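Structure record follows, encoded as structure tokens.
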């Protein structure tokens, strides 16, 4: 070894001594024995290769995780918040909030409104066929069908259109005129109902009232026609009385149409609708509304065991109401006295209707009408909607806006072809036309004498009296009216004996 090589080796040794020595890698001895068969891991799974190179490297220390003792999901001590979500989307779930009372009410209201909307839509769908005599068939909704429903029209039938000239006053009823009630009217502005009350046999119309609702003027005018009024051209009955027209009139038309034609052609009043009822149905109707309150001036004895006591504010039962409107025995003028007493009953009934609306409300009045319809205590060609509208209008009237007239005329004797003599009521034609023009033709031109079929049995120059030519009175005045004059000679003998 030369000097240079010695010096170099010496320098390396010194340098090595001054620096720490690196640890040598530890290599595992390779086993050269026969290799083991490779283990199969699946078609797409990579085989596990064990390459172990033990290398002592410094490792990063992890903070120790807190040990959580498991108590079970529903066991006390389990902290639900400490549970780690099993899936990522589970961690994103928002916890449900309890519904407040306001939210519940809103949801229920929304459901109910939705149901109501569906039901309303269904009820307004045109799914039913509506058929009416003289009109083409049409599809209507359930609501419209119910409104047009005429539950009692089959009893008397529909009315024919009048053949008379209506003589509408076009100066009042022009193309733009409307009364706002939308009823099936012959003349806009008015609606006229013929009311008939039958006897026990339902053949004679002993009560005949023509009720004209002046809708445009806010009034109600009633014409009372005495049952003995002579109308010889409209009945085959030898008495010629108007109460026989229904049963013995023109056989070519319906019974109700016979009376309607007679009224229209004699008095020039177009009839829009009718109401008929029997005397025994009056009992049910009066009892339904709780009776009719009236002042009874003197005891009324309909029959020995059928009496109405005298007194103020006597509440008539249905049975007593029937006796009251039919009583005629002791009146000086017989049937005329009965007609006069009936108007007192009408005023009391009107007051009762107004009190029902005021104290119990219109729905209560409608419920009464529904009960009357259901039990068929009356027959009418009016629909449910028509009757409701008319009831609404009637409930707005006051006692002084309802006026009553009786057909002008006088009593007379009629010698019939059968050899019998009948007591009739001869109509005063001129006085009748004057009264009709004043009260019952608000939207028609004045009626002429030649336009009426009235036949007088007592000529104008032979009148015995004109006591009944001006009998108009308002319901307000009828509230304090007294009973008609009585004839002491007509009092039954047994009544005198009792006294």
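The values are calculated or read from the model by the stated rules, or taken from the named source; none is laboratory data. Here the structure is a predicted model, which is why all the values come from computation and not from measurement. Please note: Cβ atoms are built from the backbone with ideal geometry, for glycine as well, and neighbour counts cover all protein chains shown.
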What's the number of the condition residue 339 fails, among (1) within 12 Å of residue 484 (Cα to Cα); (2) surrounded by fewer than 18 Cβ atoms within 10 Å (Cβ to Cβ)?
-> (2)
Among the residues listed as 132, 147, 161, the single one being under 30 Å from residue 444 (Cα atoms) and at pLDDT below 60 | 147
Within region 168-196, considering residues that are in contact with a helix residue (DSSP H, G or I) (Cβ under 8 Å, 6 or more places away or on another chain) and at pLDDT below 95, the one nearest to residue 268 (Cα to Cα) = 184
Residue 391 being modelled with pLDDT of 95 or more and part of a helix (DSSP H, G or I) | no
With respect to residue 404, determine if the residue is without any contact (Cβ under 8 Å) to a residue 24 or more places away in the chain, in the same structural domain as residue 186 (by TED's automatic domain parsing) and closer than 21 Å to residue 334 by Cα.
-> no
For residue 183, state whether it is assigned by TED's automatic domain parsing to the domain that holds residue 347 and either more than 23 Å from residue 235 (Cα to Cα) or not in a strand (DSSP E or B) (or both).
-> yes
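Here's the yes/no breakdown for (1) under 30 Å from residue 299 (Cβ atoms); (2) touching a residue at least 24 places away in the same chain (Cβ under 8 Å); (3) within 43 Å of the chain's Cα centre (by Cα); (4) not assigned by TED's automatic domain parsing to the domain that holds residue 329:
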residue: 414; (1), (2), (3), (4): no, yes, no, no
residue: 421; (1), (2), (3), (4): no, no, no, no
residue: 427; (1), (2), (3), (4): no, yes, yes, no
residue: 438; (1), (2), (3), (4): no, no, yes, no
residue: 446; (1), (2), (3), (4): no, no, yes, no
residue: 455; (1), (2), (3), (4): no, yes, no, no
residue: 469; (1), (2), (3), (4): no, yes, yes, no
residue: 486; (1), (2), (3), (4): yes, yes, no, no
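From 373, 366, 425, grab the single residue that is in contact with a helix residue (DSSP H, G or I) (Cβ under 9 Å, 6 or more places away or on another chain) and surrounded by fewer than 17 Cβ atoms within 10 Å (Cβ to Cβ).
Numbers: 373 fails: surrounded by fewer than 17 Cβ atoms within 10 Å (Cβ to Cβ); 425 fails: surrounded by fewer than 17 Cβ atoms within 10 Å (Cβ to Cβ).
Result of the check over 373, 366, 425: 366.
Looking at region 318-337 only, could you name the residues that are closer than 24 Å to residue 410 by Cβ and either without any contact (Cβ under 8 Å) to a residue 24 or more places away in the chain or part of a loop (DSSP other than H, G, I, E, B) (or both)?
The answer is 327, 328, 329, 330, 332, 333, 334.
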